[in-house]
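All remarks here apply to the structure that follows.
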Amino acid sequence: MSIIPENTRHGRLAGKIIVVTGAGSGIGKATTELFRNEGATVIAADLKDADHIADVGSEEDVIRLVSIAREEHGGLHGFFANAGISGGLAGIFEQTPDDWAEILRVNLIGPALAIKHAAPVIKEVGGGSIICTASVAGLRSGAGGAAYSASKAGVISLVKTAAQQLSGSNVRVNAICPGLIETGMTQFVYERARAKGQEGKLGHLNPLRRGGEPHEIANAALFLASDESSYVNGHALVVDGGLSSSHPFNRQDYGRTAI
Ligand code: NAD
């Protein structure tokens with residue numbers, strides 16, 4: 001009988017130790033499950049409902065998560081800086097400096113702290129992958145409030161700067177830009193649409209004409225966390241059903257719209 005645990009014998013992440021934040025819900029929860037199924041040891045962190053209770057905007061907590069990987073598991077190969085908050089649908093005239101500070105602290109400073117503390121430890125094992133969850137809201141407007149969108153644009157910029165600053169370390173840094181995904185963050189949107197009998201309209205603006213599922217983002221994270229993406233670095237991978245590939249337009253104006 002093998003002494004290697006069943007789940008670490010095979011899999012696209014076999015033997016890798018990876019921190020996932022926002023692991024208690026939505027995209028982080030789906031990713032934790034997928035990474036474990038693919039053989040990774042996942043240090044799952046969240047403010048609640050996770051193995052490790054940690055605030056991603058606290059430098060002390062991020063240091064603690066990286067130390068758990070290093071001291072208890074022998075190293076770190078990846079960090080999925082995924083936790084985030086939306087700040088709701090408040091307009092630019094309603095958001096206070098405190099609202100802005102908290103959204104930027106969690107969504108942008110959180111990933112920056114993850115890179116700062118994870119990269120040197122990932123370098124010790126010969127390299128690996130840091131993935132930060134941005135959003136299509138960071139590409140253009142219309143997918144969130146001003147502070148949220150600015151924080152996600154910041155994440156896209158951050159991964160590019162960090163990839164360059166980690167030159168020679170073999171630590172890759174990439175972002176994922178999800179479109180509309182059904183999670184805790186978007187629950188109210190889905191509930192509102194269901195209450196009006198308009199669930200079919202959710203996500204209808206993208207050419208796949210549907211919202212996404214958390215596992216569809218988890219699959220993108222799996223690619224970026226695995227060695228299959230060994231030459232992908234400083235990139236923001238859009239996973240949005242094609243939503244951001246176009247300017248707004250009227251499908252009727254383009255003749256045949258369906259095959
Ligand atoms: P979610 O609300 O289901 O999950 C987010 C998790 O992050 C929650 O479990 C929450 O407790 C945790 N969290 C919040 N603040 C934290 C903190 N300070 N420290 C630790 N954990 C914290 O939402 P989700 O959609 O799975 O969100 C994951 C990421 O995806 C976020 O960065 C979000 O901005 C991004 N995103 C989501 C969508 C979407 O449509 N759902 C689209 C684009 C980007």
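Data for the structure
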quantity: Total charge dipole magnitude, the chain, about the Cα centre, Cβ charges on Lys, Arg, Asp, Glu only, Debye to nearest 20; calculated: 840 debye
quantity: Summed side-chain charge close to Ile53 - residues other than Ile53 whose Cβ falls under 12 Å, Lys, Arg +1, Asp, Glu -1; calculated: -3
quantity: Residues with amide H under 5 Å from that of Val239, placed H, sequence gap 5 or more; calculated: Cys177, Gly179
quantity: Probe 1.4 Å - accessible area at His73, Å² to nearest ten; calculated: 80 Å²
quantity: Potential extension, Thr161-Leu205 segment - 0.36 nm per residue separation minus Cα distance; calculated: 12.6 nm
quantity: In Å², nearest 10: area of His10 left accessible to a 1.4 Å probe; calculated: 130 Å²
quantity: Low-density loop positions, chymotrypsin sites (Phe, Trp or Tyr not before Pro), the range 68-147 - DSSP coil, at most 11 other Cβ in 10 Å; calculated: Phe93
quantity: Kirkwood estimate for the chain, i.e. one over the average of 1/r between Cα atoms, Å; calculated: 18.9 Å
quantity: Gain on full stretching of the segment that runs from Ser245 to Ile63 - 0.36 nm per residue minus C-alpha separation; calculated: 61.7 nm
quantity: Cα-derived Rg to Rh of the range 158-216, Kirkwood definition; calculated: 1.23
quantity: The chain, relative contact order in percent, only Cα pairs under 8 angstrom and at least six apart counted; calculated: 18 percent
quantity: With all protein chains modelled, accessible area of Val56 [1.4 Å, Å²]; calculated: 20 Å²
quantity: Cleavage-rule hits (trypsin sites (Lys or Arg not before Pro)) in the range 55-148: DSSP loop, at most 15 neighbouring Cβ within 10 angstrom; calculated: Arg140
quantity: Average projection area in nm² (convex hull over Cα atoms of the range 1-138, one quarter of hull surface); calculated: 9.2 nm²
quantity: Selection from Leu139, Ile27, Ala45, by position along the positive dipole direction of the range 3-152 (Cβ); calculated: Leu139
quantity: Spatially near lysine pairs across the chain, Cα under 20 Å, sequence gap of 8 or more or different chains; calculated: 8
quantity: Computed [θ] at 222 nm, deg cm²/dmol, the chain (DSSP H ≥ 4; -39,500 (n - 2.57); rounded to nearest 500); calculated: -10500 deg cm²/dmol
quantity: For Phe80, residues with placed amide H under 5 Å, excluding near neighbours; calculated: Val19, Val20, Thr21, Ile131
quantity: 1.4 Å probe accessible area per residue over the range 35-187, in Å²; calculated: 43 Å²
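The values are calculated or read from the model by the stated rules, or taken from the named source; none is laboratory data. This structure is a prediction, so every number in the text was calculated from the model and none was measured. Note: ideal-geometry Cβ built from the backbone for every residue, glycine included; neighbour counts use all protein chains shown. SASA here: full protein model, heavy atoms, side chains in, ligands and nucleic acids out. Shrake-Rupley method; radii C 1.70, N 1.55, O 1.52, S 1.80 Å.
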